[in-house]
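**Q** Questions regarding the structure given below will be posed in turn.
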Amino acid sequence: MPGPARRSRAVALGLSVGALGGLVTGMVLTEHPAPATAGATVSSVPDPFAAGRPATPASSAPAPAAFRQTITSAS
Amino acid sequence: MGTWARVVVVDGPPGALRLAQTRIEQLEARWSRFRPDSEVSRLNRSGGRPVVVSADTARLVDLALAGHRGTAGRFDPTLLGPLVNAGYDRLFDRLGPIAVPPGPGFDPGGIGKGLAADIVVGELLAAGASGACVNLGGDLRAEGAGPWLVDVADPFDETGPALARLAFDAGGVATSSRLRRAWTAPDGTARHHLIDPTTGQPAATGVAAVTVLTGDGWRAEVLAKAALLAGLPAALDVLATNRATGLVVDDGGGIHHAPGLDRFLA
């Protein structure tokens, strides 16, 4: 369970982690060992934007019947 | 999501297309701003109170925030600035109810379509398909059983010849254009939906459209908007520095290739 400081920060952010955590349904909650000292709940998960992958170039020439999507100006 | 969907499944298990349709409809029900019972609508009505949301929606908000940070604020689904200022500016090891500050509202917009395509393709592959492509109104993700071919339409003449044909084994593609969802204000000025978050006004950067190719649909969408708002030549740097490539069409119809695009031209 989060320590006092941890809960305090969560509430300050509007993220009620402790008391309302049981209401969260359909979510996979990854359990982490509590830090040795109470504090922020920041995880070490890499930033998903910075860690984004490039596209993978075609490894072979497209076959004549290769799938094709025509995109238009979207959003 | 207010658009059409096209799904291609290669060597998929029985019911794969139905699975994809059901999942897209579920994400639409969770993320649409136009459904009063969606999770996004409930967030926007919450007045700053925490709202319990699904893992899908928590992920959507996390990635939108990551996109906001990663583009120096150019990608901003309406109120992420206030959201960040409110302190929700990093990933947490647990997710609970989310609170959105009072304001104009969180608009998943394009990143929702890109992420939905990513999610559905991932689940189709996990279900045993050897390849899948999900195209939601032009934001798409394709992986497996490649190469996939994508024709990039001319934003000034969408029924005319394609500007380029992309070929790739895995990736996400998205286009942002100021020519879509455009209108004329009562004072006669041309308006469009791509707002520059620094001015609050429709962006006027000399760029008509940007098409981005990168690893994921959601990042392609974020980068397309960021590049359009950056203008030229900065738009090309936005792509090159974020493991992406693509092409930029300026207001005069000129086409500018980002570094690395040659490897993806069919």
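The values are calculated or read from the model by the stated rules, or taken from the named source; none is laboratory data. Values in this document were obtained by computation on a predicted structure and should not be read as measured data. Reconstructed Cβ throughout: ideal geometry from the backbone, glycine too, with neighbour counts over all protein chains shown.
**Q** So, of the residues in region B:40-52 that are part of a loop (DSSP other than H, G, I, E, B) and either surrounded by 18 or more Cβ atoms within 10 Å (Cβ to Cβ) or more than 14 Å from every other protein chain (Cβ to nearest Cβ) (or both), which turns out to be modelled with the highest pLDDT?
**A** Our first condition is that a residue be part of a loop (DSSP other than H, G, I, E, B); within region B:40-52, this holds for B:45-50, B:52.
Applying the additional criterion that residues be either surrounded by 18 or more Cβ atoms within 10 Å (Cβ to Cβ) or more than 14 Å from every other protein chain (Cβ to nearest Cβ) (or both) yields B:45, B:50, B:52.
On the way: B:R45: 83, B:P50: 83, B:V52: 87.
Among those that are part of a loop (DSSP other than H, G, I, E, B) and either surrounded by 18 or more Cβ atoms within 10 Å (Cβ to Cβ) or more than 14 Å from every other protein chain (Cβ to nearest Cβ) (or both), it is B:V52.
**Q** Then there's this: Which residues, counting only those in region B:29-67, are among the acidic types (D, E) and free of Cβ contacts under 8 Å to residues at least 40 places away in the same chain? Before you say what the answer is, go through the steps one by one.
**A** Here is the first cut: in region B:29-67, the residues among the acidic types (D, E) are B:37, B:39, B:56, B:62.
Result: B:D37, B:E39, B:D62.
**Q** For region B:37-65, which positions are in contact with a Gly (Cβ under 6 Å, 6 or more places away or on another chain) and among the hydroxyl-bearing types (S, T, Y)?
**A** Result: B:S54, single match.
**Q** Quick check on region B:139-175: of everything there that is acidic (D, E) and touching a helix residue (DSSP H, G or I) at 6+ places or on another chain (Cβ under 8 Å), which residue is nearest to A:F49 (Cα to Cα)?
**A** So the first thing to find is which residues in region B:139-175 are acidic (D, E), and the list is B:139, B:143, B:151, B:154, B:157-158, B:169.
Then drop every residue that is not touching a helix residue (DSSP H, G or I) at 6+ places or on another chain (Cβ under 8 Å), which leaves B:139, B:143.
Details: B:D139: 17, B:E143: 19 Å.
Checked region B:139-175; the qualifying residue nearest to A:F49 (Cα to Cα) is B:D139.
**Q** Which of the residues spanning region B:1-24 are assigned to a loop (DSSP other than H, G, I, E, B) and within 19 Å of B:G137 (Cα to Cα)?
**A** Here is the first cut: in region B:1-24, the ones assigned to a loop (DSSP other than H, G, I, E, B) are B:1-4, B:11-15.
If the condition is that a residue be assigned to a loop (DSSP other than H, G, I, E, B) and within 19 Å of B:G137 (Cα to Cα), then B:M1, B:G2, B:T3, B:W4 are the ones that fit.
**Q** Another question about this same structure. Please find, within region B:221-266, the residue that is nearest to B:L149 (Cα to Cα) out of those that are at pLDDT 95 or above and of a type in the set (K, R).
**A** B:R263
**Q** Within region B:233-266, can you find the residues that are buried (at least 21 other Cβ atoms within 10 Å of the Cβ), facing chain A (nearest Cβ under 10 Å) and in a loop (DSSP other than H, G, I, E, B)?
**A** Once the filter is applied, which keeps residues that are buried (at least 21 other Cβ atoms within 10 Å of the Cβ), facing chain A (nearest Cβ under 10 Å) and in a loop (DSSP other than H, G, I, E, B), region B:233-266 yields B:N242, B:A244.
**Q** If I go through region B:204-256 residue by residue, how many of them are in contact with a Pro (Cβ under 6 Å, 6 or more places away or on another chain) and among the basic types (K, R)?
**A** Here the count works out to 1.
**Q** Could you go through region B:1-24 and let me know if any residue there is modelled with pLDDT under 95, buried (at least 21 other Cβ atoms within 10 Å of the Cβ) and farther than 19 Å from B:N135 by Cα.
**A** No, region B:1-24 contains no residue that is modelled with pLDDT under 95, buried (at least 21 other Cβ atoms within 10 Å of the Cβ) and farther than 19 Å from B:N135 by Cα.
**Q** When only residues in region B:163-203 that are modelled with pLDDT under 90 and among the hydrophobic types (A, V, I, L, M, F, W, C) count, which is nearest to B:R6 (Cα to Cα)?
**A** The initial filter retains those residues of region B:163-203 that are modelled with pLDDT under 90, namely B:177-203.
Now drop any that are not among the hydrophobic types (A, V, I, L, M, F, W, C), which leaves B:179, B:182-183, B:185, B:190, B:194-195, B:203.
Working: B:L179: 23, B:A182: 25, B:W183: 28, B:A185: 34, B:A190: 32, B:L194: 25, B:I195: 28, B:A203: 30 Å.
Here the residue is B:L179.
**Q** Please determine, by comparing only the residues of region B:60-69 that are at the interface with another protein chain (Cβ under 8 Å from one of its Cβ atoms) and crowded, with 21+ Cβ neighbours inside 10 Å, which one is nearest to B:V40 (Cα to Cα). Before the answer, list the steps.
**A** Taking region B:60-69 as the starting set, the residues that turn out to be at the interface with another protein chain (Cβ under 8 Å from one of its Cβ atoms) are B:62-63, B:66-67, B:69.
Of the ones still in play, those that are also crowded, with 21+ Cβ neighbours inside 10 Å are B:63, B:66-67.
Details: B:L63: 15, B:A66: 18, B:G67: 18 Å.
Result: B:L63.
**Q** Could I ask something else about it? Could you list all residues from region B:1-39 that are within 14 Å of chain A (Cβ to nearest Cβ) and acidic (D, E)?
**A** B:D11, B:E39
**Q** With modelled with pLDDT of 90 or more, facing chain A (nearest Cβ under 7 Å) and out of contact with any Asp or Glu (no Cβ under 6 Å at 6 or more places or on another chain) as the only criterion, which of B:V134, B:V152 stands out? Quick ask: steps written out before the conclusion?
**A** Working: B:V134 fails: facing chain A (nearest Cβ under 7 Å).
None of the other options fit; the residue is B:V152.
**Q** Here are some residues: B:V40, B:V8. Which one is farther than 22 Å from B:L124 by Cβ and β-branched (V, I, T)? Give the steps one after another, and end with the answer.
**A** Numbers: B:V8 fails: farther than 22 Å from B:L124 by Cβ.
Among B:V40, B:V8, only B:V40 is farther than 22 Å from B:L124 by Cβ and β-branched (V, I, T).
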